[in-house]
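Shown next, in C-alpha cells, is the structure this report addresses.
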Amino acid sequence: MRILVTGGAGQLGRAFAALLPEAQVVDRAELDIADSAAVERSFDRRPPDVVYNTAAYTAVDRAEVEPDAARRVNVDAVANLAAAAARHGTLLVQYSTDYVFPGDASRPYSEEDRTGPLSVYGRTKLEGELAALAAGCRCLVIRTSWVFGQGHNFVRSILGAAAKHPELTVVDDQRGRPTYAPDLAEGSIALVEAGCTGVFHLSGGGEAATWADVAEAAIEAAGLSARVRRVTTAQYYAGKQGPVAPRPANSELDCSKARRQGVALRPWSEAVAEYVKELVVS
C-alpha cells in the first residue's frame with residue numbers, strides 16, 4: 001500500500017513517520033498542499049492509496065488576525081488533496097478538531113451533534129471537513145482534541161515552566177481529553193483498516209479533565225514540586241496582549257462510534273505519564 005503523510009514536521013506527522021517507515025512523509029518544503037498543481041503532480045508521479053493529512057494551521061489565537069493564512073492550510077489545501085484523491089481513487093484521512101463545536105453542551109459531543117465553532121480556527125477546520133466530504137473522494141474525517149507528542153505542546157510547556165517556577169497559573173474551566181499523537185496515529189490506521197469512512201471522533205480515553213488537571217498530572221509524573229493555581233479562562237487572559245480566540249468550555253468528544261469499530265485510545269493519564277517519562281529520559 002502506498003501511503004502519503006502530509007504535515008510531516010508536526011506532532012502527528014512525526015508519529016506516523018515513526019509508525020510507518022514505508023510511508024512517504026512530506027512537509028511543506030517538500031510538498032505545498034495549498035498549491036493545487038503541486039498536489040496533482042505529486043499524485044500523478046506516485047498516486048497514493050491513502051493520504052493522512054496531518055498538516056494544519058493550529059495557531060488558534062493568531063488565526064483571529066490571520067484568517068486567510070488559516071484558510072489556506074485548513075480549507076484550500078484540504079480541497080486540493082480531496083480533489084486529487086477523487087481523481088486517483090485515494091482514501092483521504094482528514095484531521096479535524098473539537099473546536100468545531102460551541103462547547104455549551106452538558107455531555108460529550110457526538111458526530112451527529114450540531115457544530116458551531118467560536119473561532120476562526122474552528123470555522124476553518126469545519127470548512128476543511130466539508131470540503132473533504134464534498135469532493136466525492138473516499139474520505140475519513142477524524143476529529144480529535146488536545147494533541148500532544150513530539151514537538152511543541154501544552155504538556156511540554158508545563159514541564160518547562162514547572163522546572164523554573166514554584167507556582168503555575170492554569171485554566172480550569174475548559175474540559176476535554178488530551179490525545180497522545182502516537183496513540184492517535186495507531187487508532188487512525190485501525191479505522192482505515194476497518195474500512196471506515198465518514199466522520200469519527202477519536203481522542204484520549206479516561207475521564208474528561210481541565211487543563212489544570214492535565215498540568216497537575218504532568219507535574220506529578222515528572223516528580224516536580226510546582227503548584228497549580230486554578231483560574232478561569234477570563235482570569236487567565238485578563239490584561240494579555242494580542243488576539244485571544246474564544247475557546248469551547250466543553251471539548252469532550254464522544255468516541256463510542258470508533259469503539260464500536262474496536263478502536264479506542266488508552267486513558268490520557270497513562271499516555272501523559274509515558275510521554276513525560278520519555279522526555280525526562282531524553
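The values are calculated or read from the model by the stated rules, or taken from the named source; none is laboratory data. Nothing here was measured: the structure is a model prediction, and the numbers come from that model. Note that we place each Cβ from the backbone using ideal geometry, even for glycine, and neighbour counts take in every protein chain shown. Just so you know, the surface numbers come from the protein's heavy atoms only, side chains and all, with ligands and any DNA or RNA stripped out. Shrake-Rupley method; radii C 1.70, N 1.55, O 1.52, S 1.80 Å.
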With -39,500 (n - 2.57) per DSSP H segment of 4 or more residues and division by the full residue count of the chain, the 222 nm estimate, nearest 500 deg cm²/dmol, is -11000 deg cm²/dmol
For the range 69-147 and the range 1-66, write down the distance between their C-alpha centroids in whole Å. 15
Solvent-accessible surface (1.4 angstrom probe) belonging to residue 35, in square angstrom, nearest 10: 60
Taking the Cα centre as origin and putting +1 on Lys and Arg beta-carbons and -1 on Asp and Glu beta-carbons, what dipole magnitude results for the range 193-282, to the nearest 20 debye? 300
Full extension from residue 65 to residue 35: what is 0.36 nm times the residue separation minus their Cα-Cα distance, to one decimal in nm? 8.6 nm
Could you compute the net charge surrounding residue 32? Neighbours are other residues with a C-beta less than 14 Å from the C-beta of residue 32; K and R count +1, D and E count -1. -2
Can you check how the C-alpha radius of gyration of the chain compares to 2.2 N^0.38 Å, as a plain ratio? 0.98
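What fraction of the Cα pairs in the range 103-247, stated in percent, has a spacing above 17 angstrom? Numbers along the way, then the final one.
Working: 7287 of 10440 pairs.
Everything past 17 Å amounts to 70 percent.
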Restricting to aspartates and glutamates and to Cα separations under 13 Å from residue 277, and discarding same-chain partners fewer than 8 apart, the set is 220
Result for the range 133-276: accessible area per residue, probe 1.4 angstrom, in square angstrom, of 44
Heavy atoms only, 1.4 Å probe, whole protein assembly: order 251, 36 by accessible area, highest first. 36, 251
Carbon plus sulfur, as percent of the 1.4 Å-probe accessible area of the chain, comes to 49
270, 127, ranked by accessible area, largest first (probe 1.4 Å): 270, 127
Rounded to whole Hz, the Karplus (6.51, -1.76, 1.60) HN-Hα couplings of the range 138-153, x for glycine and proline: 5, 9, 10, 9, 10, 8, 9, 8, 6, 6, 9, x, 7, x, 6, 6
With a Cα-only, solvent-free Debye model of the range 233-282, what are the log10 I(q)/I(0) values at q = 0.25 Å⁻¹? -0.90
Identify the trypsin sites (Lys or Arg not before Pro) of the range 216-278 meeting these criteria: DSSP loop state and at most 12 other C-beta atoms within 10 Å of the C-beta. 240, 260
With every protein chain left in place, what is the accessible area per residue of the range 10-84 in square angstrom, probe 1.4 Å? 45
Lysines near residue 240 by alpha-carbon distance under 30 Å, same-chain residues fewer than 8 away left out - which ones? 125, 164
Largest first, how would 165, 152, 201 line up by accessible area (1.4 Å probe)? 152, 165, 201
If amide H atoms are built 1.01 Å from N in the plane of the peptide, which residues on other chains or at least 5 residues away come under 5 Å of the amide H of residue 168? 227, 228, 229
